[in-house]
Structures are given as C-alpha cells and as structure tokens.
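Structure first, commentary second.
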Amino acid sequence: MCNKWTRICFVVEKILFTHAPLSGKAATTRCGSRPFVMAGGVCNLAGLLVCSSSTSIGLLFVGMTLLGIGFTMSYAPLMITVVMYFPTRFALANGVLSTGAAVGMMVIPPLVELLIKTYGWPNAMAVLAAVNFNVTACGALVRPPLGTHQRLINAADEADTSTDPNLPHISLLRSVVVFLKDIPEKLSLDIFILAPAYSVYLLIWFLNGVIFSAWLIYLIPHAISKGIDARLASFLATAGGIGNLVVRVVHGPAIDRGLITALKLLILLSVLNAIAFFVDMVSYDYYHVLVILAIVNGAAVGIIGVVVMPVAQEVLIEPDLSVKGYLLSLPILALGELCGGVFAGAFYEMIGNYNLAFVSLGGLSTVIAIAIIAERTYAVWSK
C-alpha cells in the first residue's frame with residue numbers, strides 16, 4: 001500500500017507540473033506573481049490537510065492534486081519575478097533561490113520521519129500543512145519592479161477594453177475561435193515556430209528528467225546489491241544532496257562573472273555525470289568511491305532544473321522567448337521524470353543488473369553532451 005501511495009504522489013505531482021506555462025504566462029501578463037504565489041500556499045495547505053485525513057487512495061489523490069497545483073502556482077511565477085528583478089545577475093539570484101530547495105531536500109526527509117514517529121502520520125501531515133502555509137505569507141511580500149508593475153496594469157487595462165459597451169459586439173463563436181487560436185501562445189508552444197532549434201534542448205531536458213528519476217530509484221538498491229549495509233547505502237542520497245547543494249551555491253557567481261557559460265556548465269556536468277556512471281562499474285564494494293560518485297551524480301543531475309532558465313537565456317537571447325522556453329521546459333522535464341520511473345523499472349526487470357543500468361544512464365548523459373555540442377556547432381556555422 002505504501003509503495004502504491006508513493007507512486008500516486010509522484011505521478012500526480014509531475015502531471016500537474018504541466019500547467020506551469022499557464023501559471024507562468026498569466027503571472028507575467030495579468031495581475032503579477034503575488035496572487036499566484038499566495039494561492040499556491042493555500043493549495044499546499046489544503047492539499048496536505050486532505051492528505052492528513054485521507055483514508056483511501058482517492059482522498060490521497062485529491063490531496064496530492066491540490067499540492068501539485070499549489071507547487072506549480074507558487075514556483076513558476078516566482079521564478080519569472082526573479083528574472084524581472086535580476087536581468088543581468090539572474091544566475092546568482094537563481095543560485096541563491098535554489099539553495100533553499102537543496103537544503104530542504106536534505107533537512108525535510110529526516111524531519112518528516114521524526115514528525116511521523118512523534119505524532120503519527122495524520123498529525124505530521126497537518127504540521128507540514130502549517131509549515132507550507134508560510135508560502136502564502138511569503139507570497140504577500142512578492143511584487144514586480146515598479147516599472148514592470150505599471151506595464152502590467154496598462155496591459156490589464158488594454159485587455160479590459162474588450163468589455164467596452166461602445167465596441168462592436170463579438171459573438172460567442174468568434175470568442176471561442178480566438179481563444180482556441182491563442183492556446184499555442186498561452187502554452188508557449190509557439191516556441192517551436194519562433195525558435196525551432198530550441199527543440200533540441202527540450203529533448204535534453206526530457207532525457208535529464210529520465211536520468212534524474214532513474215538515478216534516484218537505482219542509487220540505494222544498487223549500493224545494497226554491492227554488499228553495502230542498508231544504513232550506509234542510504235547515506236549516499238545525502239552525499240548526492242551535498243554535491244547538489246555545492247553546485248547550486250557556486251554556479252551562479254561563476255556564470256555571472258563570466259568564468260563559464262550556462263551551456264558549458266551543462267556540457268561539463270553531463271560529461272562528469274557520464275564518467276561517474278561508467279566508473280561505477282569498476283567501483284565494486286569500495287564505499288568511499290561510491291560516496292564520491294554519488295556526490296558527482298548529485299551535483300550533475302540535481303542542478304538540471306536550476307540551469308533551465310540560464311540556458312534558455314543564453315540560447316534564445318530575447319527575454320520574451322527565454323521565458324517561453326523556460327515555461328515549456330518545466331513540463332517537459334517533469335514528463336522526463338515520469339518516464340524515468342517507468343524506464344528504471346522496465347530496464348532493470350529486463351536486464352536484472354544495476355551495473356548495466358548505470359551504464360545506460362551514462363550513455364544518456366553522453367548523448368546529452370553530444371547533442372549540445374552539435375547544436376551549438378550548427379548554430380555557429382549557420383550564421
């Protein structure tokens with residue numbers, strides 16, 4: 001039953017991440033990010049409270065649906081706000097922002113375990129609901145820069161002129177047709193026409209999502225299969241979190257100071273990721289080697305979601321296109337993480353060998369590095 005609940009939670013969260021283009025787009029063209037972030041906190045509260053009182057898979061599904069909606073409503077608009085505030089130092093601001101997530105990944109699991117042991121599952125979820133409700137309070141402090149805020153107001157006023165009684169009446173059918181025509185733009189799908197080369201990076205985010213999920217699934221069972229004690233094997237996840245945290249802290253200043261570009265960082269991490277996966281085959285049961293490899297893998301796969309926006313800015317250049325590319329990349333990355341879980345289970349059942357499974361992930365990382373180099377080379381030659 002526990003495994004079934006876990007799978008449902010994961011699937012629902014990733015599926016609901018697909019509405020990131022809608023919430024992100026609305027936050028930039030209507031009333032700003034503040035109401036979306038605050039509403040996201042309310043959804044988080046409601047979702048966890050429903051989970052705390054759930055006695056069936058159906059209720060848990062409802063709770064996780066609300067939680068997934070809340071997470072996306074608070075995440076994507078907030079990132080767009082950071083882009084507005086830091087047009088020239090975004091990588092640094094993004095690194096600081098994402099550091100909280102890395103710390104949370106290391107702190108929250110043992111905290112949740114302690115809460116469950118102390119108060120039981122329902123009360124622990126209620127405590128987490130109260131903690132998540134702080135997102136609403138923090139969201140109340142979010143506001144766009146003054147100039148941007150004025151432009152949003154003007155855009156809203158222009159949009160409201162459609163209700164002017166002096167304007168010609170627009171039929172319901174025509175309104176529906178106009179709405180349907182706007183769907184690709186609202187979902188950022190017009191990026192395929194405006195910047196078709198970015199399709200390569202959408203594929204890259206998908207593959208990175210597959211690698212991330214599969215690595216998380218394989219990490220601890222793989223170590224146990226090598227003869228490592230289960231308690232020591234679980235520490236490998238912490239080692240991966242440490243690597244993730246370090247890279248999140250240092251990548252922003254490195255990019256902003258021109259020491260490395262976002263694309264070169266992505267290539268470097270993909271290559272290091274591939275090397276770590278390949279070296280794993282000859283690591284045998286040397287625990288310290290496995291810890292080092294986990295740090296490298298954690299640094300490489302954990303930073304992917306953080307560099308999506310800097311990569312979009314470097315590839316697409318124009319701010320509007322960068323936002324479109326970023327908003328469309330989020331659901332693609334989430335879809336990759338969903339498929340990664342399926343891939344991990346199916347591939348292991350087929351081969352029954354964790355070493356070969358890690359080699360397959362190394363192969364995918366190699367494909368990612370080659371794809372980026374090929375796209376950049378073609379972009380230079382085509383100018």
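The values are calculated or read from the model by the stated rules, or taken from the named source; none is laboratory data. Nothing here was measured: the structure is a model prediction, and the numbers come from that model. Cβ: placed from backbone, ideal geometry, glycine included. Neighbour counts: every protein chain shown.
One residue stands out in the stretch 62-80 among those that are without any contact (Cβ under 8 Å) to a residue 24 or more places away in the chain and not small (Gly, Ala, Ser): the one that is surrounded by the fewest Cβ atoms within 10 Å (Cβ to Cβ), namely Val62. State whether the residues of the stretch 43-56 include one that is within 18 Å of Phe133 (Cα to Cα), of a type outside the set (Phe, Trp, Tyr), within 18 Å of the chain's Cα centre (by Cα) and at pLDDT 80 or above. Checked the stretch 43-56: at least one residue is within 18 Å of Phe133 (Cα to Cα), of a type outside the set (Phe, Trp, Tyr), within 18 Å of the chain's Cα centre (by Cα) and at pLDDT 80 or above.
Within the stretch 196-236, the set of residues being within 12 Å of Val301 (Cβ to Cβ), among the small types (Gly, Ala, Ser) and over 15 Å from the mean Cα position of the chain (by Cα) comprises Ala214 only.
Looking at this structure, is Leu232 under 30 Å from Met84 (Cβ atoms), in a helix (DSSP H, G or I), in contact (Cβ under 8 Å) with a residue 40 or more places away in the chain and not charged (D, E, K, R)? Criteria not met by Leu232. Inclusion of Val308 among residues that are hydrophobic (A, V, I, L, M, F, W, C), under 22 Å from Ile80 (Cβ atoms) and either within 18 Å of the chain's Cα centre (by Cα) or assigned to a helix (DSSP H, G or I) (or both) is warranted. Tell me, please, whether a residue that is at pLDDT 85 or above, of a type in the set (Phe, Trp, Tyr) and surrounded by fewer than 23 Cβ atoms within 10 Å (Cβ to Cβ) can be found in the stretch 235-253. Taking every residue of the stretch 235-253 in turn, none turns out to be at pLDDT 85 or above, of a type in the set (Phe, Trp, Tyr) and surrounded by fewer than 23 Cβ atoms within 10 Å (Cβ to Cβ). Is it the case that the stretch 92-113 has a residue that's in a helix (DSSP H, G or I), outside the structural domain of Leu330 (by TED's automatic domain parsing) and more than 30 Å from Ser234 (Cα to Cα)? Checked the stretch 92-113: at least one residue is in a helix (DSSP H, G or I), outside the structural domain of Leu330 (by TED's automatic domain parsing) and more than 30 Å from Ser234 (Cα to Cα).
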